[in-house]
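Q: I am attaching a structure below and will ask some questions about it afterwards.
The values are calculated or read from the model by the stated rules, or taken from the named source; none is laboratory data. Since the model is a prediction, treat every value here as computed from it, not as a measurement. Protein only, heavy atoms only, side chains kept; ligands, DNA and RNA dropped before computing areas. Shrake-Rupley method; radii C 1.70, N 1.55, O 1.52, S 1.80 Å.
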Amino acid sequence: GERLAETTAEATTVPLPTNLGGISLFINGFPAPLLYVSPTQINLQVPWEVGGETAPVTVVAVGVLGNTLTFDVGQGVPVLYGVTHADGGAVTAEHPARAGDVLIIRATGLGPVNGAPLTGRAALGEPLLRTRELPGVTLGGLTAEVLFSGLAPGLVGVYQLNVRAPVALTAGSATPLVVSVSSQSSVPLPIATR
């Protein structure tokens with residue numbers, strides 16, 4: 001967008017604020033927790049309370065109501081952010097994923113979870129909030145075993161998938177990792193494999 005905020009500001013506390021740099025944003029009437037605002041961009045968490053097939057979105061800048069736009073609301077639209085080994089080390093060309101390895105995938109858009117997550121707050125470690133639908137995961141076109149799928153403890157609105165790499169995994173510098181949920185697939189994330 002343009003002229004969304006007068007300044008650039010980033011949230012530094014959890015729970016995330018619903019007013020940041022003079023900006024508030026409402027989705028279907030619910031205040032959205034804000035991570036980042038700038039004149040051209042707003043990063044936010046869609047409130048867990050938002051439902052339906054479409055939702056109005058309104059920005060309020062320094063008390064001035066902006067235009068209201070409507071967007072589609074889906075049960076799940078996966079977006080992948082990164083993948084690490086089980087020990088937390090990054091998957092890189094020097095440390096590729098190997099057949100049988102347990103990998104940790106960070107993502108958003110994996111849909112509803114069991115339990116009641118709190119909008120703008122970090123997910124707890126106990127109880128773990130698991131996704132209601134178990135996503136499908138492929139690595140190099142081969143099915144990976146999903147060991148866990150739910151909210152990442154200590155993070156706001158971020159999902160974690162623990163998966164076991166397929167035993168028939170082959171070497172590659174950009175092997176595509178894809179997560180699918182609710183008939184929606186992520187953009188392939190290329191990772192190094194051996």
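Q: What residue, among those in the range 98-145 that are among the acidic types (Asp, Glu) and under 13 Å from residue 161 (Cα atoms), is most open to solvent (accessible area, probe 1.4 Å)? Lay out the reasoning, then the answer.
A: Within the range 98-145, the first condition is being among the acidic types (Asp, Glu), and the residues that meet it are 101, 126, 133, 145.
Those left that are additionally under 13 Å from residue 161 (Cα atoms): 133, 145.
Working: 133: 78, 145: 99 Å².
So the residue we want is 145.
Q: Of all residues in the range 114-144, which are within 17 Å of residue 78 (Cα to Cα) and among the charged types (D, E, K, R)?
A: Passing the criteria: 130, 132, 133.
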